[in-house]
Amino acid sequence: MTDPSSSARLGSVATRVVLASASPGRLAVLRAAGINPEVVVSGFDEDGLLNRHRDHPPVEIVAALAAAKADAVAAQMIARPSGAPDTVVIGCDSMLLLDGRLQGKPHTPDQSLQRWNAQAGRIGELLTGHTVLLISAGVIVARSHGTAVTAVHFATPTERELAAYIASGEPLEVAGAFTIDGLGGWFVNRIEGDPSCVVGLSLPTVRRLLAEIGVAVTDLWRIPPRLEATYAGPEVAPAPAEVAPAPAEVAPAPAEEAPTPAEVARC
C-alpha cells in the first residue's frame, strides 16, 4: 500500500482514490495525470476466474477480471473505513489478443520467448478492462465498466535483442510479454488507439467511467506543489521603482592660465 493519506476533492468532500492493482505502469499513468491513489492489491484468484470464463468473448474476460479486482478491494475498503466520506476504486486488467486467443503474463523466460516468436512482426490487440466503483458510507453506491482496445504493431527483434530483452526480466510479468513505456518500447513500431491503454489503464476510458458514476476527474487531481504556480498563471513582475534623475553634470573648473613672460619678469 502506498501513500495512505492520498485524497482528492469531490465538491467540498474529501474523496479517497484507490487503485486495485500492483502495476507500477498503471500507478505511473495516474500520477502523471494528476491522481495520486492509494494502492491496494486484490489478491483474488485470477486463474480460477479465467477457467470459469474460458468460453467467454475476450472483451468479457478482461472486463470480468477488472470487476473482480475492484470488488475484492472494495470489500477491503468497506471492512476498514478510512474516515473519508467517499472512496473511488479503480480496477483494471490487460491481456493481448493474438490469433483470437488472449495472452496473459508469460511468467518464465521460455514462455516469453514463445510469445515473442509468435507476435514479432505482427499486429496484436491490447485489451484493458476497467471497473470504477464509488463507495459512500460503507456501501457501493455506483459502478461503471468499460474496455479499451489498442492495436499494437510489433517490430521483429534480432535474436540478440530478444535474448537481451528476455534476460532483463521485464517481459515475464506483463501482459503480452512487452511494455511500451520500458525496454519493450524499442520493439513496438506503432500503435493505433489510446497509448495509456497499452500501459494498462486508459485515461479516456476512466474519465468516462468516473463521469458515469457522478465524479469529475478534475475533482480528483492532486497538483504537485512545483506545478501549482504554473497552473495558477504567470507571475506578474512588480513595477520597477522610480529612478531618481541623475544630477546634472558639473562642468570641470577651468585650468589656471600660465603667467605671461612679463609677469614672470616682475616676479
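The values are calculated or read from the model by the stated rules, or taken from the named source; none is laboratory data. What you are looking at is a predicted structure, and each value in this text was computed from that prediction instead of being measured. Because the Cβ atoms are built from the backbone with ideal geometry, glycine has one as well, and the counts that use them run over all protein chains shown. Each accessible area value is taken on the protein alone, full model and side chains, heavy atoms only, with ligands, DNA and RNA left out. Shrake-Rupley method; radii C 1.70, N 1.55, O 1.52, S 1.80 Å.
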Checklist entry - In units of 2.2 N^0.38 Å, what is the alpha-carbon radius of gyration of segment 12-144? => result 1.18
Item to check | Accessible area of Phe187 in the full protein assembly, 1.4 Å probe (Å², nearest 10) | outcome: 30 Å²
Checklist entry - Given a 1.4 Å probe and every protein chain left where it sits, what share in percent of the accessible area of segment 119-178 is carbon and sulfur? => result 55 percent
Checklist entry - For segment 143-203 and segment 70-109, what is the separation of their C-alpha centers, rounded to whole Å? => result 19 Å
Item to check | Per residue, in Å², the accessible surface of segment 33-169 once ligands and nucleic acids are set aside, probe 1.4 Å | outcome: 46 Å²
Item to check | Charge context of Ala163, other residues only, Cβ under 15 angstrom, K/R +1, D/E -1 | outcome: -2
Item to check | Solvent-accessible ranking of Asp194, Asp93, Asp99, Asp55, largest area first, probe 1.4 Å | outcome: Asp55, Asp99, Asp194, Asp93
Checklist outcome for this item: For segment 14-137, whose charge dipole is built from +1 on Lys and Arg Cβ atoms and -1 on Asp and Glu Cβ atoms, the candidate among Leu27, Ala79, Pro57 with its Cα farthest towards the positive end is Leu27
Next on the checklist: Just to check I understand the Karplus step: with θ = phi - 60° and J = 6.51 cos²θ - 1.76 cosθ + 1.60, what whole-Hz values come out for segment 103-116, glycine and proline as x?
Outcome noted: 10, x, 7, x, 6, 10, x, 5, 5, 4, 5, 4, 4, 5
Checklist entry - What size of dipole, in debye to the nearest 20, comes out for segment 88-142 about its Cα centre when the only charges are +1 on Lys and Arg C-beta atoms and -1 on Asp and Glu C-beta atoms? => result 60 debye
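Roughly what percent of Cα-Cα pairs across segment 153-198 reach past 16 Å?
33 percent
Can you check what the net charge comes to around Asp99, using other residues whose Cβ is under 14 Å from the Cβ of Asp99 (Lys, Arg +1; Asp, Glu -1)?
That works out to +2.
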Checklist outcome for this item: 1/(1 + (r/R0)^6) with r = Cβ-Cβ of Val188 and Leu50, R0 = 30 Å, i.e. FRET efficiency to nearest 0.05, evaluates to 0.75
Item to check | segment 51-115: C-alpha gyration tensor shape, a/c 1.5 cut-off, then a/b vs b/c | outcome: prolate
Checklist outcome for this item: A correct Kirkwood calculation over the Cα atoms of segment 92-205 returns a hydrodynamic radius in Å of 14.8 Å
Item to check | Pair Thr156, Trp221: separation of 7 Å Cα→Cβ label points (nm) | outcome: 4.6 nm
